[in-house]
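Shown next, in structure tokens, is the structure this report addresses.
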Amino acid sequence: MAEIKETDILSNLVDKQQLYRSAKNTKISNEDTQRFIDSIFGNYYLDNDNINFLVKNGYNFFSFEDDELCFCLSGEEFQKCCKANLKDKKDEKYIPFIKAIITYENYNDYLDFSSKLFEKTYSRLAENEKCNIPYCENKAVENHLYNLDFEKDKYVSSNKRNIFDNNYQMGHSFFNEVQNNQFVYFGFCDQHFIKIKNTEVTKESSDEEVLTLNFTTVVYKLFLARVQLEALKEEFRNYFNSILEENIKTLFIYNLKKISNHVSSLIDTYNFFLESLKGDSKNYEIVKFNLPKTKNFRIKDVFQPQITPENFKVVNSINNFFIPESFATIVMNGDKHNSFITMVYDKRNENMSEFFKQYLKIVQSKTKSEAAFISNCSLILADNIIYDKKFFDDLEDNEKFLYSALNKFRFQHPNMGQEYLKMKFFAGFNKGNNFF
């Protein structure tokens, strides 16, 4: 992905997506209905009654309208894009993800299918990827998110090479030893990647240095999300008509819409960082922490704040893909004595700003809260935390299971009670985890 210019397809796509979101449903003329819908859109979690009401009023969670913009983000209408390219021929051997999870004996077959699809799509997108540093047109090379040799530095992570390998069961540890083919992506040319690797964050680091290092997390996440969406597009076109069960079809469509919104939202965050790096915008806010040196864990990721702790404003909804997702970034660097953590977010996002304002107020009033806040943001609200293997191996099994659940069951269709307990745990972070 080269620098985004006004005439580029990606830029045009973002504009269309914003129009699509802001329009919502122009068929709704009743003001009371619209106000009720707006109030539902402020919910953290949509229950079945919420979704049923929205579906009745034209918000299609489980089907595609012919004239809506295609989920694959081509900018074309669905009927002229992926619907027009659906294969009629049915493949009896095809097993969709939802069915593989339900009938676990088929999961390995699905895993083999999805791994091949992931690798093929990953390689295809990599061929045309350009450096994402503004004004650089050089070809991107394969980069590593963490500046580590995992053959020498032993860490564990819940990350998997195949982004579709998503089978997690309660009561198990999801953290396994990291391999060198994990946390890789195509994002920057060789020259800029070397410069990024050699950049050290200190208390005196410039905004540009902090923004650049945090930008790498967005580029990493966006590249893999694009791979996922492109692979799902191919799977949909080739195999959707092979699905016989209507309930599986509706869940497939629901997940396609979620991934589509995820990618589109990451593109918005990507553009925000580009504008900031080019000096076209000063809308970024940088939060800095200086904590004691730790070898126990590392974090370099985007993360998604959920709810503000004082007035319970929703920053991100669990399952409403009609609302753009909101991201902040978190990067940890260190020297011999200190761990430097920086977070970046768009201060135009009012609820995101309130999340940081309210939590920082709590942090500043309690000792050791900064370490707990960073620990819980890294574990609960992000995906890419890595633990030192020795530190993790020394934990009790019940701790490993707890960390696994907190890390991965964030967006797995939870019920309201489960989400309430989890957010209550996070809201009391000063009594929770501290990995420093």
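Check 60, 147 and return the single one that is more than 26 Å from residue 240 (Cα to Cα), within 24 Å of the chain's Cα centre (by Cα), in a loop (DSSP other than H, G, I, E, B) and not acidic (Asp, Glu).
147
Which condition does residue 244 not pass, out of (1) closer than 30 Å to residue 340 by Cα; (2) not in a helix (DSSP H, G or I), if it passes all the others?
Against the list (1) closer than 30 Å to residue 340 by Cα; (2) not in a helix (DSSP H, G or I), residue 244 comes up short only on (1).
Just one of 234, 246 is touching a residue at least 12 places away in the same chain (Cβ under 8 Å) and closer than 28 Å to residue 87 by Cβ; which is it?
After ruling out the rest, the residue left standing is 234.
So which of 116, 99 ends up being open to solvent by 30 Å² or more (accessible area, probe 1.4 Å), touching an Asp or Glu at 6+ places or on another chain (Cβ under 8 Å) and outside any loop (DSSP other than H, G, I, E, B)?
So the residue among 116, 99 that is open to solvent by 30 Å² or more (accessible area, probe 1.4 Å), touching an Asp or Glu at 6+ places or on another chain (Cβ under 8 Å) and outside any loop (DSSP other than H, G, I, E, B) is 99.
Answer yes if at least one residue in segment 267-290 is under 22 Å from the mean Cα position of the chain (by Cα), aromatic (Phe, Trp, Tyr) and modelled with pLDDT under 95, and no otherwise.
No - not one qualifying residue is present in segment 267-290.
Taking residue 54 as meeting all but one of (1) out of contact with any Asp or Glu (no Cβ under 8 Å at 6 or more places or on another chain); (2) outside any helix (DSSP H, G or I), write down the number of the exception.
Only one criterion is unmet by residue 54, namely (2).
I'd like the full set of residues that are in contact (Cβ under 8 Å) with a residue 40 or more places away in the chain and either of a type in the set (Gly, Ala, Ser) or open to solvent by 70 Å² or more (accessible area, probe 1.4 Å) (or both), limited to segment 190-204.
Correct list: 190, 191, 197, 200, 203.
From the list 373, 392, pick out the single residue that is within 23 Å of residue 150 (Cα to Cα) and open to solvent by less than 10 Å² (accessible area, probe 1.4 Å).
Sole residue among the options that is within 23 Å of residue 150 (Cα to Cα) and open to solvent by less than 10 Å² (accessible area, probe 1.4 Å): 392.
Per-residue answers, yes or no, for (1) of a type in the set (A, V, I, L, M, F, W, C); (2) open to solvent by less than 10 Å² (accessible area, probe 1.4 Å); (3) touching a Lys or Arg at 6+ places or on another chain (Cβ under 9 Å):
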site: 218; (1), (2), (3): yes, yes, no
site: 226; (1), (2), (3): no, no, no
site: 245; (1), (2), (3): no, no, yes
site: 250; (1), (2), (3): no, no, no
site: 256; (1), (2), (3): yes, yes, yes
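Does at least one position in segment 286-293 carry a residue that is assigned to a loop (DSSP other than H, G, I, E, B) and farther than 24 Å from residue 182 by Cα?
yes
From the residues in segment 157-187 that are among the small types (Gly, Ala, Ser) and open to solvent by 30 Å² or more (accessible area, probe 1.4 Å), which one is nearest to the chain's Cα centre (by Cα)?
173
I need a count of the residues in segment 28-51 that are among the small types (Gly, Ala, Ser), within 28 Å of residue 308 (Cβ to Cβ) and either in contact with a Pro (Cβ under 6 Å, 6 or more places away or on another chain) or in a loop (DSSP other than H, G, I, E, B) (or both).
Here the count works out to 1.
Find the residue count for segment 326-350, including only residues that are more than 15 Å from residue 205 (Cβ to Cβ) and open to solvent by 40 Å² or more (accessible area, probe 1.4 Å).
Number of matching residues: 6.
Look through 302, 314 and report the one residue that is among the β-branched types (Val, Ile, Thr) and open to solvent by less than 20 Å² (accessible area, probe 1.4 Å).
On inspection, the qualifying residue turns out to be 302.
Within segment 342-373, how many residues turn out to be within 29 Å of residue 185 (Cα to Cα) and touching a Phe, Trp or Tyr at 6+ places or on another chain (Cβ under 6 Å)?
4
When the residues of segment 127-153 are filtered to those that are of a type outside the set (D, E, K, R) and closer than 25 Å to residue 177 by Cβ, which remaining residue is most open to solvent (accessible area, probe 1.4 Å)?
Result: 147.
Give segment 157-206 a look and list any residue that's hydroxyl-bearing (Ser, Thr, Tyr) and outside any loop (DSSP other than H, G, I, E, B), or say none.
Within segment 157-206, 157, 185 meet the criteria.
The values are calculated or read from the model by the stated rules, or taken from the named source; none is laboratory data. What you see is a predicted model; the values in this text were computed from it and never measured. For neighbour counting, all protein chains shown are included, and Cβ atoms are generated from backbone atoms with ideal geometry for every residue, glycine included. For the accessible areas, the whole protein counts, side chains as well, though only heavy atoms, and no ligand, DNA or RNA atoms are used. Shrake-Rupley method; radii C 1.70, N 1.55, O 1.52, S 1.80 Å.
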